[in-house]
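Comments concern the structure below.
Readers should treat all values here as calculations from the given coordinates under stated rules, not as data from a laboratory. All values reported here derive from a predicted model rather than from experimental measurement. So basically every Cβ, Gly included, is an ideal-geometry build from the backbone, and we count neighbours across all protein chains shown.
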Amino acid sequence: MLRKRILARVFGLLAGIVLMGTWVFGEVSVNFDAEGNYRYTSFLVEPGLEGNRFWTPVRGIERQRILNPEGDLFGDGRPALVDDPQSGSPLAVWSVRSGRSAVLVWSIWEENGWSPPRWVHPISSPFEDRDPVLAVDSDGQVHLVWWKNQEGRGIVIRSRFLGEAGWSLPRPISSRGIDARYPEIEITGNGPAVVFRSNGKFGQPIPLNKGIIPSGATDQLEKNSSGNDGLTDDPDVLP
């Protein structure tokens, strides 16, 4: 979902994770060229009887290249991935458990490793933030949408990446009184737009190019037991 659009390396995903008829990988990691320059991010998934594994490292590579290697132990959700046009580095957002709720955190690749996970927004909530989606528009702006489960009713929310400042203040997109879930971002001729499922089907795209308020949500999160091609192995990263 880069400005020039991210190209999905589907063949890399299929060839890399299928071995003797079984899926064997569950890892998010960066890859470099012979000169040590970042090239693309691999997202390799292992489906299992007890749910998908997104985070368990399986390749014999340097530990700092792997994002959130203990995430499966904590039940962390599926990550959204995109290359940030401003820094040229891969950016990830995912959901983590926080007591009885779930919140979104983010990390970006820095010179020698992934940054520590930080809150997408510091707003306390007893509800669950789920299924983040990232996209980059033609102006190089990174957009994030997700849905919040509020006692059985879904609300779709948006934010924008502000670099070192973190993320803009989250704002609801869906209308009150409807159950809105599973958002997707489309890159249209008029800019990015979000569609989401309501009453069992997707509605009309809603533009995302409205005003954005900085939130300054860059507090580090400590989790406990309670040249760049902009390529990724995950076709779902495409807008």
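Things to note:
- Spin-label model distance (nm) - Thr188 vs Phe202, 7 Å beyond Cα toward Cβ: 1.2 nm
- Ranked list, fewest to most other Cβ atoms within 10 Å of each Cβ, for Asp33, Asp179: Asp33, Asp179
- Measuring nothing but alpha carbons in region 45-159 and taking Rh as the Kirkwood radius, the Rg to Rh ratio lands at 0.97.
- Highest average packing first - 186-196, 38-48, Cβ atoms within 10 Å: 38-48, 186-196
- Each other residue within a Cβ distance under 12 Å of Arg63 adds +1 if Lys or Arg and -1 if Asp or Glu, for a net charge of -1.
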